[in-house]
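Worksheet for the structure shown next.
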Amino acid sequence: MEKDRTQRGPLLMIGAGPAGLTAAYELSKNGVPSLVLEQDNTVGGIARTVEHHGYRFDLGGHRFFSKMSVVNQIWREILPEDFLTRPRLSRIYYDGHFFNYPIQPANALAGLGAKAAVGVLASYALAKLNPHPVEENFEQWVSNRFGKRLFDIFFKSYTEKVWGISTKELSSDWAAQRIRDLSLGSAVRHALFGQRRGRVTTSLIDKFQYPRLGPGQMWERCRDIVVQRGSRLLLDARVRRVRWKGARAHAVLVGRAGGFEEIDAGEIISSMPIREFVAALDPPPPDEVLAAARSLRHRDFLVVGLVVDRPQLFPDNWIYVHTPGVRVGRIQNFKNWSPAMVPDAARTGIGMEYFVWRDDALWNASDESLVALAAREGETLKLFAAREVVDGRVMRVPDAYPIYDPGYREKLGLVRAWLERLENVQLVGRNGQHRYNNQDHSMMTAWYAARNILGERHDIWEVNVDADYHEEAAGRESPRPAAVRP
């Protein structure tokens with residue numbers, strides 16, 4: 001069904017993360033103001049930067065790398081002079097050893113030992129000779145490309161730590177999207193012979209761009225530009241109801257300090273979790289649509305930012321912690337992202353990342369106990385001594401990672417099909433589309449949505465459907481995307 005994009009009232013953005021602010025930015029650039037509603041007290045979503053006593057912590061670590069020329073242009077327009085080119089280094093920590101990522105044969109051999117390395121290669125050969133005929137889950141997909149032994153060492157424990165479910169319960173879609181074309185064979189070829197000219201796999205890039213003061217600098221500046229151009233931004237404004245009738249949403253009920261406010265809507269671009277958007281619809285949709293939306297789960301996330309009284313800890317941007325016995329999943333070293341993230345050169349700011357559920361004891365623990373836990377685990381991993389931690393800050397991020405569990409695709413399809421009846425609603429971003437998108441892919445969905453309001457025709461759900469777009473970058477920057485008819 002072709003949707004009517006004639007604006008009939010205020011234009012609302014729900015969410016002021018990269019998606020919502022990108023849509024507002026593109027519209028304001030073309031003289032169209034909007035009202036941006038953000039439930040938090042700051043902008044940037046999961047791409048915000050938190051400042052604590054002069055130290056700046058990035059929630060998750062955001063590499064600014066994209067092959068989409070539109071995204072690169074927006075980044076450069078917003079921060080023309082404040083990008084740094086940074087070298088990428090990330091390693092895996094397992095069984096007391098550090099392994100380079102992507103896997104390098106000599107490094108893996110030294111860490112695992114000759115006997116284990118032979119077992120890994122034998123397991124890989126067996127997987128090539130006798131692969132799983134159907135790749136329904138993450139474990140089958142990865143084992144076919146790396147072998148069962150390497151899967152057990154480098155993928156199983158970490159993946160289950162991140163998602164809180166068995167790798168047999170995680171859809172193969174996630175692996176295909178995030179590590180497409182990376183396998184033991186490709187890693188070996190890359191290490192021995194380098195990358196083929198004119199072809200880069202994003203899992204293997206060795207440099208990236210980064211704002212001098214972290215990703216929050218990008219979105220705080222974007223907010224300022226959008227407001228200067230005549231748009232409005234309301235913080236601490238949580239959407240409670242989306243009123244609709246016939247084929248259109250016509251108002252939203254917003255909860256703010258002191259009560260509720262009903263705001264008319266001509267167009268809505270929403271990046272709030274699709275589960276919450278459906279639950280907010282008034283009148284409610286059919287029971288089966290509500291049930292499908294409720295089943296779309298997210299993994300929550302918290303970062304314990306630590307200030308360590310040591311000038312250097314390790315050379316990595318981040319470390320993946322596969323070691324059993326500690327809860328931390330990944331460790332960011334923000335000094336290696338940008339020296340400006342740390343005000344004192346004699347100290348280091350790091351982020352200890354924990355993947356949790358909101359009903360976990362860890363999520364609900366006191367900040368003091370979480371800082372103490374992170375300090376102890378850093379010492380357990382022999383990265384620093386607990387006594388060297390001189391300050392800490394805890395940052396909790398609900399609904400951080402959409403989960404690709406069994407049946408999610410069918411349930412998401414059911415919800416999407418029903419929402420198509422609302423001709424003035426577009427869902428964008430990681431949470432709006434329940435997709436594990438990178439920042440640039442979330443931005444592209446929002447850019448498409450804004451261009452639709454300006455009179456073009458794009459299918460915003462096509463972004464990230466083409467896996468070739470998602471994980472591989474051509475040797476030259478991609479052209480401006482062409483219009484796609486819904």
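The values are calculated or read from the model by the stated rules, or taken from the named source; none is laboratory data. Quantities reported herein were computed from a predicted structural model and do not represent experimental measurements. Ideal geometry is used to build each Cβ from the backbone, glycine not excepted, and the neighbour counts take in all protein chains shown.
Return yes when Val326 is buried (at least 16 other Cβ atoms within 10 Å of the Cβ), aliphatic (A, V, I, L, M) and at pLDDT below 95 and no when it is not. So Val326 fits the description; yes. Examine the stretch 15-27 for a residue that is crowded, with 19+ Cβ neighbours inside 10 Å, in contact with a helix residue (DSSP H, G or I) (Cβ under 9 Å, 6 or more places away or on another chain), over 19 Å from His441 (Cβ atoms) and not acidic (Asp, Glu), and state whether such a residue exists. Yes, because at least one residue in the stretch 15-27 is crowded, with 19+ Cβ neighbours inside 10 Å, in contact with a helix residue (DSSP H, G or I) (Cβ under 9 Å, 6 or more places away or on another chain), over 19 Å from His441 (Cβ atoms) and not acidic (Asp, Glu). The residue that is farthest from Val328 (Cα to Cα), counting only those in the stretch 373-425 that are of a type in the set (Val, Ile, Thr) and touching a residue at least 60 places away in the same chain (Cβ under 8 Å), is Val425. Note on the stretch 158-169: residues that are under 26 Å from Leu129 (Cβ atoms) and either under 17 Å from the mean Cα position of the chain (by Cα) or at pLDDT below 85 (or both) amount to 1.
The sole residue among Phe277, Phe314 that is in contact with a strand residue (DSSP E or B) (Cβ under 8 Å, 6 or more places away or on another chain) and in the same structural domain as Asn452 (by TED's automatic domain parsing) is Phe277. Report whether or not Trp244 is part of a strand (DSSP E or B), modelled with pLDDT of 95 or more and either hydrophobic (A, V, I, L, M, F, W, C) or not assigned by TED's automatic domain parsing to the domain that holds Gly31 (or both). The answer is yes for Trp244.
Scanning the stretch 396-409 for any residue that is exposed (fewer than 15 other Cβ atoms within 10 Å of the Cβ) and of a type in the set (Ser, Thr, Tyr) turns up nothing. Among the residues of the stretch 403-421, those that are modelled with pLDDT under 95 and within 20 Å of the chain's Cα centre (by Cα) comprise Ile403, Tyr404, Asp405, Tyr408, Arg409. Scan the stretch 50-62 and give yes if some residue there is surrounded by fewer than 20 Cβ atoms within 10 Å (Cβ to Cβ), touching a strand residue (DSSP E or B) at 6+ places or on another chain (Cβ under 9 Å) and β-branched (Val, Ile, Thr), otherwise no. Within the stretch 50-62, one or more residues are surrounded by fewer than 20 Cβ atoms within 10 Å (Cβ to Cβ), touching a strand residue (DSSP E or B) at 6+ places or on another chain (Cβ under 9 Å) and β-branched (Val, Ile, Thr). Among the conditions (1) touching a helix residue (DSSP H, G or I) at 6+ places or on another chain (Cβ under 6 Å); (2) at pLDDT below 80; (3) buried (at least 17 other Cβ atoms within 10 Å of the Cβ), the only one that Pro105 does not satisfy is (3). Looking only at the stretch 271-301, residues that are out of contact with any helix residue (DSSP H, G or I) (no Cβ under 8 Å at 6 or more places or on another chain) and in a helix (DSSP H, G or I) come to 4 in all.
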